[in-house]
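Every number here is computed from the coordinates shown, using simple stated rules; none is lab data. Here the structure is a predicted model, which means the values were calculated and not measured. We place every Cβ from the backbone using ideal geometry, glycine too, and count neighbours over all the protein chains shown.
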Amino acid sequence: MNALSAEELEARLRDIGARRYHRLHPFHKLLHGGACSKGQVQAWALNRYYYQSMIPIKDASLIARCEDPATRREWRSRLVDHDGTREGEGGIARWLKLTDGLGLDRDYVVSLQGLLPGTRFAVDAYVHFVRQKTLLEAIASSLTELFSPAIIGERMEGMLKNYDFVTAETLAYFSQRPPQAERDSRFALDYVKQHARTPETQRGVLGALEFKCNVLWTMLDALYHAYVAPKEIPPGAFVPKD
């Protein structure tokens, strides 16, 4: 592969999202189309909580490796977005309002006792990737946020339309997330286009985005296998009442 221009690199990154982003996964089609039971929606929210809870840990490890103060300042906003500035604020707190609204016991959700092994392995792999790969690859792995506003729009419209146990208040996490994702992805994309200039570094950032898409896809594979077909729930994992 010859070195791509910044515009060509962006086009390749966006093509990865068009082909690999998890909005295409069968589980999301069921979720957004109203075809999930309440228990399946609960299982999705419970497992996704682990991903949400580990994002600040992932971002803190990235900041710790970053020698540029300007980049650290920019990335620090992600910690505030997820952790908030005080108890009860931030994205993680809003996600727990989602699990509360779905009738899940908060202590049970936070304990991770019902987590699918596949969810844990996928999320942990992402955290390890950010810690172990180059800073450029770590930043590139966040570029799934380029595609998240579309899936959030589908999710809010589909779930509010199709599930009587879901309210706008329950989905408050999603109503606040798109502008944050757009801000964060714009910075990360500019950073990648500026710093990935050689064939080697460009292959690295393309591979990083593919890896992150695989992480999100694998999480849904685990949910589908356990709660849709063949419905083989691993020992110890959450068992829906329905």
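Taking θ as phi - 60° and the Karplus parameters 6.51, -1.76 and 1.60, the scalar couplings of the range 168-177 work out to 4, 5, 4, 9, 4, 4, 6, 5, 9, 7 Hz in sequence order, x denoting glycine and proline. Nearest 10 degrees is fine. How inclined is helix 6-20 to the longest principal axis of the chain, computing both from alpha carbons? Once rounded, one gets 20 degrees. Here K193 is the anchor, and the aspartates and glutamates within straight C-alpha reach of less than 13 Å, apart from those fewer than 8 places off in the same chain, are E7, E8, E10, E137.
Scaling against 2.2 N^0.38 Å puts the C-alpha radius of gyration of the range 81-158 at 1.32. Between 0 and 90 degrees, the angle of helix 199-227 with respect to the longest Cα principal axis of the chain falls at about 0 degrees.
If a spin label sat at a point 7 angstrom from the Cα of S61 along the line to its beta carbon, the backbone N atoms of the range 98-129 nearer than 13 Å would be those of 121-129. Against the chain, whose longest principal axis is taken from its Cα atoms, helix 148-162 shows a tilt of about 10°. In plain terms, the chain from D124 to R186 could stretch by 19.8 nm, reckoned as 0.36 nm per residue minus the Cα-Cα distance. Residues in the range 111-122 carry Karplus couplings, in order, of 5, 6, 4, x, 5, 6, x, x, 5, 4, 5, 5 Hz; the curve used is 6.51 cos²θ - 1.76 cosθ + 1.60 with θ = phi - 60°, and Gly or Pro positions show x. Springs between Cα atoms under 10 Å define the GNM used for the chain, and in it the highest mean-square fluctuation of F211, F147, F121 occurs at F121.
Given +1 at the Cβ of Lys and Arg, -1 at the Cβ of Asp and Glu and no other charges, the dipole of the range 1-47 around its Cα centre is 340 debye to the nearest 20.
Which shape class applies to the range 165-230: rounded if a/c is under 1.5, otherwise prolate when a/b exceeds b/c and oblate if not, where a ≥ b ≥ c are the square roots of the Cα gyration tensor eigenvalues? Judged from the Cα gyration tensor, the range 165-230 comes out oblate (a/c at least 1.5, b/c at or above a/b).
Here the Karplus relation 6.51 cos²θ - 1.76 cosθ + 1.60, evaluated at θ = phi - 60°, turns the backbone of the range 89-100 into coupling constants of 10, x, x, 5, 4, 5, 5, 5, 5, 5, 5, 4 Hz, with x for every Gly and Pro.
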